[in-house]
Amino acid sequence: MTTARKVRETALCGLMLIGSVVVLRSSVRHPSQLNLLDRAILRVSAPLQAALAGTGRALRRGAQRYLLVVSAAKENQKLREDNARLRAELLAAQRQAGREKELERLLSLQSGTAAETLAAHVVGADVNAYFRVARLRLDRGAGELSPGMAVLAPEGVVGRVARVYGAYCDVLLAVDPKSSIDVVIPRTGGRGLLRGAGGRDRYRATLEFEAPAEAVREGDFVVTSGLGGIFPRDVPVGKVVTVGKHDIGLFQTADVEPVVDFARLDQVLVLVTAPPPEEPETQPARREPAHGVVPYR
Amino acid sequence: MRPGRHLVLVVVGYMLTVLQASLQALVPVRVRVPELGLLVALYAGLTARGGVAGASAVAFALGYVTDLLAGAPKGLHALVFVLMCLLAKGASLRLLLRGSLVSAGFAFAASLSAAGLIVLTRAQTESGTLAPLQMAPLQAAVTALAAPIVYGLLGRLEGRVAKAHAPGLGR
């Protein structure tokens, strides 16, 4: 750098410093005085500042909203979890209440049954593709039960103990084709034989009864007769859904739908002793049930 | 002296000063905003090649704008920025001011010095107090943190401008 340039540089720098001091002194004396340049700078700067401030505010609002959303999302998640937990608890409570109600009804059945009974849990079911139970498994077995014992639910007849193995037993349902129960139509007092007709996809039984066909109508309830020494008298078995029309022949048939929903069974009662023998003179009356279940009339 | 470079520095410095003023209006009083205008003035001084008159002019302009936007007496920041620019030029001649840490350290010292000068000058000219000096270390620290970013930004801009003005290069 040449001396002349050095001098020029120094002079310019000095000019800047002196100019600053002069401007400062002038400004201190007249603080509110703005020249043309000041006004221009401020006029240009003001919209820029406004735009930047607006952007900043928008960003701040966005950030606050984001935090709010994050907070709300967390709260929402917590509420969902609480809701799921409470739903599960409610479901468990409802199931417990249902189980207790079932037990009450079972107890009522037990106290009203003349025969000695044993309560049992349904621990397994043979479920086929159509969700029909063809066979039940109970948690009572050898030493307590033996094949042929009647199995009842509060609604009515379930079936009979088919086989016993270890601590468990299988129940032959009333709708099983191997099952046959002596029954009565309470409305007419007519007797018949209820044979299981259910395949693996339906719960049906066939009632075989003596003519005339008018002895049975659709909607008639079918109860046990008490004969045979297995089931007590007047235990509901099912309801007639269709009556067959056979012009010739001694026996007529009707389709019967069981009163027990086998798929929903949780607890049952097994008659471990035979019910008291049927008294012939009381048979026609059929007014008071022997086992405590109100019969369908 | 390179007028194009200085013009870029003035424009960018002006934008950063406006940004600084806007940020200051948005954040709470306790939150400090880096002195971006001062950093540009320091950069002008640190990177001045040959003469320092152009860098001083940049510092003066930015100081003047800062005075207007900050509502300070006109010439106060202008004087301080020019002094800091000259200090930076002197430091760059005697010290090896390279690297983020060193440049941040120098920015801290310069910001602290500027604060001292401003407060003292105001105390002299407007019967102000020295109380604002309490905020100076924090303000200097924030400015020092922003220094490497601002210097980096200015360096890139300067590089692009230099490339655009170089005849026959990049075409």
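Here, each number is a calculation from the coordinates, and none is a lab measurement. All values derive from a computational prediction rather than experimental measurement. Methodologically, a virtual Cβ is constructed for each residue, glycine included, from the backbone with ideal geometry; neighbour enumeration extends over all protein chains shown.
Details
- Scoring A:99-111, B:135-147 by mean Cβ neighbours within 10 Å over their residues and listing the highest first yields B:135-147, A:99-111.
- Computed from Cα positions, the angle between helix B:3-26 and the longest principal axis of chain B comes to roughly 40 degrees.
- Taking amide H as placed 1.01 Å from N in the peptide plane, the amide H of A:VAL158 sits under 5 Å from that of A:VAL151, A:LEU152, A:ALA153, each at least 5 places away or on another chain.
- For chain B, the relative contact order works out to 24 percent when only alpha carbon pairs closer than 8 Å and six or more residues apart are counted.
- Average partner coverage of A:46-55, which counts Cβ from other chains inside 10 Å: 4
- Lys/Arg +1, Asp/Glu -1 at C-beta; the stretch A:37-194 dipole; positive extreme among A:VAL183, A:LEU86, A:ALA115: A:LEU86
- Most fluctuating residue given options A:LEU79, A:LEU207, A:LEU118, as computed from a GNM of chain A linking Cα atoms under 10 Å: A:LEU79
- Assuming charge only on the beta carbon of Lys and Arg (+1) and of Asp and Glu (-1), the dipole of the protein assembly as shown about its Cα centre is about 4980 debye to the nearest 20.
- Residues in the stretch A:156-175 that a label on A:VAL241 would reach, taking backbone N under 16 Å of a point 7 Å out along Cα→Cβ: A:174-175
- Peptide B:67-74, shielding by other chains (average Cβ, 10 Å cutoff): 5
- Exposure proxy order (Cβ contacts within 10 Å, fewest to most) of A:ILE181, A:ILE230: A:ILE230, A:ILE181
- For the stretch B:105-113, the Karplus equation 6.51 cos²θ - 1.76 cosθ + 1.60, evaluated at θ = phi - 60°, returns couplings of x, 5, 4, 4, 5, 5, 5, 5, 5 Hz by residue, with Gly and Pro reported as x.
- Ascending count of other beta-carbon atoms within 10 Å, so fewest first, for A:LYS239, A:LYS74: A:LYS74, A:LYS239
- Considering only B:PRO137, A:ALA162, B:ALA61, the residue lying farthest towards the positive end of the dipole of the protein assembly as shown is B:ALA61, judged by Cα position with unit charges set on Cβ.
- Per-residue [θ]222 nm for chain A (sum of -39500 (n - 2.57) over DSSP H runs n ≥ 4, rounded to 500): -13000 deg cm²/dmol
- Residues B:CYS85, A:CYS169, sorted so that the one with the fewest Cβ neighbours within 10 Å comes first: A:CYS169, B:CYS85
- Most fluctuating residue given options A:SER45, A:SER225, A:SER146, as computed from a GNM of chain A linking Cα atoms under 10 Å: A:SER45
- Using alpha-carbon coordinates, inclination of helix A:3-29 to the longest axis of chain A, degrees: 70 degrees
- Nonlocal amide H pairs with A:GLY190, under 5 Å, H built at 1.01 Å: A:ILE185
- Listed residues A:THR224, A:LEU34, A:VAL243: farthest to the positive end of the dipole of chain A (Cβ charges): A:LEU34
- The stretch A:97-111 - phi-based ³J(HN,Hα) in whole Hz, Karplus 6.51/-1.76/1.60, Gly and Pro as x: 4, x, 5, 5, 4, 4, 5, 4, 5, 5, 5, 4, 5, 4, 5
- Helix B:53-70 axis, angle to chain B major axis (alpha carbon atoms, nearest 10°): 40 degrees
- For chain A, modelled as a GNM whose springs connect Cα atoms under 10 angstrom apart, the maximal fluctuation among A:GLN267, A:GLN252, A:GLN94 occurs at A:GLN94.
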